[in-house]
Amino acid sequence: MKALYFNKFGDNSVLKYGDVDTPQVDNDQILVKTAYSGLNFADIYRRRGTYHIEKHKPYINGYEGLGTVIVLGEKVKNFKLNDKIFFVDVPLANAEYVCVPVERAIKVPHDLNPELVASIGLQGLTADFLAHDLAQNVLGDRVLIHGISGGVGQILAQMLTADGINVYGVTSTQEKRSLALKQGAQELFLRNSSWLEDNKGRFQTVYDGVGKTIEQSLLLTAKRGKVIFYGMAGGNPPQIDLLQLLNQSKSILTGDLWDYLTDSTQRNARAQRLFKYFQNNKIQISSPTIFPLSKGKEAYAYLESGQSTGKVLLKL
Ligand SMILES: NC(=O)c1ccc[n+]([C@@H]2O[C@H](COP(=O)([O-])OP(=O)(O)OC[C@H]3O[C@@H](n4cnc5c(N)ncnc54)[C@H](OP(=O)(O)O)[C@@H]3O)[C@@H](O)[C@H]2O)c1
């Protein structure tokens, strides 16, 4: 089968497109013919060798996708051939065929377009746990999101707005700023302007998936408020002085989506809660940027450049 693979960690030049062995299903797995594999910042960390990756020779990146069931393991119930399924936390997904453990398979709802479901993907489930588990925002809170027009940012912003939270954002370009305002944010700040001074201590919650901005985020947070640190798209965060946090009654919360998708029941309940926002037209995301898997190298470079708006998908 065709796959995007690499033999050593490094920059984008290590990525290769070509033939690898087709995987064989175990009893409790289904073989999926991939239609889309979603690209995430974690795949860049993995390619660089700075994040956990499935041991495999060669390495094949990608932990989410959508496709059609073509083989059922002997013990599989509740799924049938030709079912359309969506999966996250399943390794080796930048490939034509993926073995998906049944407890990690989520059926694609009939009333949602599969390309939309692939675009919601892992970023949507991330937004859901950031909004509903980690932060515990209260109706009317002021919440700031860094990188608000990114994949997680767009869904998180509209989900919080639909939940009655006042959403503010930071972004790098006028174009991304306009998009976030159109999607319901109250006020948008341009990253390279002098907005920081005027907004110190203004937000009950600051969502920071950029990482290197964590000190800014603490300045922006109100006393008794919290920073939700969930990624480092812009670079690793500096060390934080806990005494300084204590003196100002500010907290940093953090978490990894995988620790919330603990079993099939959790996974499906969270996916249904997320899909409802789309079924009820509460969230509209920008169209994904789609690259064929054979051009995967360009897709990684595009995501890594920070220029992307919304989801980047690899199509097979
Ligand atoms: N904790 C978890 O379980 C979990 C799960 C999934 C994702 N994540 C994290 O969530 C974060 C956002 O992921 P995403 O998929 O939404 O990515 P994304 O679509 O690329 O969005 C990231 C945004 O960060 C901003 N940014 C600022 N500095 C940047 C830089 N130097 N390089 C690239 N982007 C930069 C960009 O927005 P502006 O140009 O507007 O500033 C960009 O749109 C990542 O850190 C990712 O690792 C965490």
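Each principal axis of the Cα cloud of the range 88-150 was evaluated for its coordinate range; sorted largest first, these ranges are 45, 25, 23 Å. Using only alpha-carbon positions in the range 82-201, the gyration tensor eigenvalues give semi-axes of 32, 16, 13 Å once each is multiplied by 5 and square-rooted (largest first). Diffusion coefficient (Stokes-Einstein, Kirkwood radius over C-alpha pairs, 10 °C, 1.306 mPa s) for the range 122-257: 109 µm²/s, rounded to a whole number. Rolling a 1.4 angstrom probe over the chain with all protein chains present gives an accessible area of which 48% lies on carbon and sulfur atoms. What is the distance in Å between the Cα centres of the range 278-307 and the range 174-219? Taking the Cα centre of each part, the range 278-307 and the range 174-219 sit 22 Å apart. LEU196 exposes around 40 Å² of accessible area when a 1.4 Å probe is run over every protein chain in place. A viscosity of 1.567 mPa s and a temperature of 4 °C, combined with the Kirkwood radius over Cα pairs in Stokes-Einstein, give a translational diffusion coefficient for the range 142-181 of 132 µm²/s. When ARG202, ARG47 are compared by accessible area at a 1.4 angstrom probe, the order from most to least is ARG202, ARG47.
Taking all protein chains as they are arranged and a probe of 1.4 Å, the heavy atoms of LYS77 leave approximately 150 Å² accessible to solvent. By DSSP, the beta bridges lying fully in the chain are antiparallel in about 55 percent of cases. Both numbers refer to the Cα atoms of the range 135-210; Rg and Dmax are 11.2, 30 Å. According to the square roots a ≥ b ≥ c of the eigenvalues of the Cα gyration tensor, what is the shape class of the range 231-302, taking rounded for a/c under 1.5, prolate for a/b larger than b/c otherwise, and oblate for the remainder? Oblate, because a/c is 1.5 or more while a/b does not exceed b/c. Residues HIS146, HIS52, ordered by accessible area of protein heavy atoms at a 1.4 angstrom probe radius and largest first, appear as HIS52, HIS146. Accessible surface calculations at 1.4 Å, restricted to protein heavy atoms, place the chain at 46 Å² per residue. The count of lysine pairs in the range 122-257 that are at least 8 places apart or cross chains, and whose C-alpha atoms lie under 17 Å apart, stands at 6.
With viscosity set to 0.692 mPa s at 37 °C, what whole-number translational diffusion coefficient in µm²/s follows for the chain from Stokes-Einstein and a Kirkwood radius over Cα pairs? After rounding, the answer is 163 µm²/s. Projection of the Cα convex hull of the range 1-107, averaged over all directions and equal to a quarter of that hull's surface, yields 6.2 nm². Put THR68, THR262 in order of accessible area, highest first, and with a 1.4 Å probe you get THR262, THR68.
Accessible area per residue was computed with a 1.4 Å probe on protein heavy atoms; GLU103 scores about 80 Å². In the chain, the DSSP-assigned H stretches of four residues or longer account for a calculated mean residue ellipticity at 222 nm of -8000 deg cm²/dmol, using -39500 (n - 2.57) per stretch and the full residue count as denominator. Across the chain, the mean sequence separation of Cα contacts (distance under 8 Å, 6 or more residues apart), normalised by length, yields a relative contact order of 18 percent. For the range 1-134, please report how many Lys pairs fall under 20 Å Cα to Cα, leaving out neighbours fewer than 8 apart on the same chain. So the count of such lysine pairs works out to 19. Highest-first packing order for the peptide set 110-117, 241-248, 217-224, 37-44 is 37-44, 217-224, 110-117, 241-248, based on the mean count of other beta carbon atoms within 10 Å.
The values are calculated or read from the model by the stated rules, or taken from the named source; none is laboratory data. It should be emphasised that the depicted structure is a prediction, and the values quoted were computed from it without experimental measurement. Cβ coordinates were reconstructed from backbone atoms using ideal geometry, including for glycine residues, and neighbour counts include every protein chain displayed. Accessible surface is based on the protein model in full, side chains and every heavy atom, while ligands, DNA and RNA are left aside. Shrake-Rupley method; radii C 1.70, N 1.55, O 1.52, S 1.80 Å.
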